[in-house]
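Asks: Here you go, one structure.
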């Protein structure tokens, strides 16, 4: 079983395996902190995505690399957004999407997919079915990260969808550790959605 899962790492440089495992640890911490509505989601997330940006560039996975570079930028934005307070009360608490944010989400998704398609076409990367799925997942995660930075509960729904798609995709690409990471992400994201929903319900009551 272990041979089946991890045989693709035989020819990998040791430092790349160490970096991938390190990124996974910080990624799991980041999602856990997001579930808890804790500001540490951003510094841990920045470490995770910065490492992955480098690794994915090395692995020539351009769409995935762009996702992670975008995460670094959005994590900085989210870090600032979450720390804004008015009279010691969070200025942007957990909430549901507004009509404007729904329109913006559609624009971000469409723009992201078109951009990734253009990049993949230019670099002739549409050589495997995972490349087409990658464009869809990139759009989903771009919107999910934007919504998380704005503390919108719907971000969890997009993470769950994107994570579920990513589990088999990364396994097929040959990155078993990352595939397992997305499986754990999916579980935490489900609990994250339920926890944020409970917080929202308490506020209403």
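Here, each number is a calculation from the coordinates, and none is a lab measurement. Computed from a prediction, not measured in an experiment: that's the story for all the values here. Backbone-built Cβ (ideal geometry, glycine too); neighbour counts: all protein chains shown.
Asks: Just to confirm the number: angle between the C-alpha axis of helix 176-204 and the first principal axis of the chain, 0 to 90 degrees, nearest 10?
Replies: Taking Cα atoms only, the helix is inclined about 10 degrees.
Asks: Per DSSP H run of at least 4 residues, take -39500 (n - 2.57); add these up for the chain, divide by its residues and hand me the 222 nm value, nearest 500 deg cm²/dmol.
Replies: -27000 deg cm²/dmol
Asks: Sort 97, 74 so that the residue with the fewest other Cβ atoms within 10 Å of its own Cβ comes first and the one with the most comes last.
Replies: Going from least to most buried by this count: 97, 74.
Asks: Evaluate the relative contact order of segment 73-196 (contact order divided by residue number), counting alpha-carbon pairs under 8 angstrom at least 6 apart; express in whole percent.
Replies: After rounding, I find 25 percent.
Asks: Could you tell me whether segment 72-139 comes out rounded, prolate or oblate from its Cα gyration tensor? Rule is a ≥ b ≥ c as square roots of the eigenvalues, rounded for a/c under 1.5, then prolate if a/b exceeds b/c, otherwise oblate.
Replies: Taking the square roots of the gyration eigenvalues as a ≥ b ≥ c, segment 72-139 is prolate.
Asks: Neighbour counts of other C-beta atoms within 10 Å: give me 170, 12 arranged from fewest to most.
Replies: On the way: 170 21, 12 14.
Least crowded to most crowded, the residues run 12, 170.
Asks: Follow-up question, since we're still on this one. What is the angle, in °, between the Cα long axis of helix 14-35 and the longest principal axis of the Cα atoms in the chain? Nearest 10 is fine, range 0 to 90.
Replies: Helix 14-35 sits at roughly 20 degrees to that axis.
Asks: Which one, [x] 1.39; [y] 1.04; [z] 0.94, gives Cα Rg over 2.2 N^0.38 Å as derived from the coordinates shown?
Replies: Recomputing Cα Rg over 2.2 N^0.38 Å here picks out [y].
Asks: Please check: in the Gaussian network model of the chain (C-alpha springs, under 10 Å), which one of 100, 69, 26 has the largest mean-square fluctuation.
Replies: 100
Asks: Sort 163, 88, 64 so the one with the fewest other Cβ atoms within 10 Å of its own Cβ comes first.
Replies: 88, 163, 64
Asks: Angle between the Cα long axis of helix 129-149 and the longest principal axis of the chain, 0 to 90 degrees, nearest 10?
Replies: The angle comes out near 20 degrees.
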